[in-house]
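The values are calculated or read from the model by the stated rules, or taken from the named source; none is laboratory data. None of the values given here were measured: they were computed from a predicted structure. Here the Cβ is made from the backbone with ideal geometry for all residues, glycine too, and neighbour counts use every protein chain on show.
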Amino acid sequence: MTETKIITDVAESLGVAPDTLTPDTNLTDAGLDSLRLIMLVEKWRAEGVTVDFQDILTRATLAEWFELFQS
């Protein structure tokens with residue numbers, strides 16, 4: 001998963017332009033609720049990405065998500 005893909009998918013989920021999101025964006029403050037998060041996780045799983053809902057839920061910013069997907 002690239003940072004660009006993560007940003008693009010999150011922006012689409014939130015209904016905002018990707019360039020409005022930064023690595024420091026707090027996703028809860030940006031409007032990412034649990035339903036949208038579940039939909040993102042399921043989308044990524046369908047694309048073959050191994051992602052754990054609990055792991056991603058405990059991370060508040062895009063930067064933390066980038067780190068998670070790099071490990």
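Let's see how each residue does on (1) at pLDDT 95 or above; (2) over 11 Å from the mean Cα position of the chain (by Cα); (3) not polar (S, T, N, Q):
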position	(1), (2), (3)
Lys5	yes, no, yes
Thr8	yes, no, no
Ser13	yes, no, no
Ile56	no, no, yes
Ala63	yes, no, yes
Leu68	no, no, yes
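Scanning segment 1-14 for residues that are touching a residue at least 12 places away in the same chain (Cβ under 8 Å) and not polar (S, T, N, Q) yields Met1, Glu3, Ile6, Ile7, Asp9, Val10, Leu14. Name the residues in segment 1-38 that are closer than 12 Å to Ile56 by Cβ and among the hydrophobic types (A, V, I, L, M, F, W, C), would you? Matches in segment 1-38: Met1, Ile6, Val10, Leu27, Leu32, Leu37, Ile38.
Condition check for Gly31 on (1) at positive phi; (2) out of contact with any helix residue (DSSP H, G or I) (no Cβ under 9 Å at 6 or more places or on another chain): one failure, at (2). Within segment 1-51, restricting attention to residues that are among the hydroxyl-bearing types (Ser, Thr, Tyr) and not in a loop (DSSP other than H, G, I, E, B), the residue that is surrounded by the most Cβ atoms within 10 Å (Cβ to Cβ) is Ser13.
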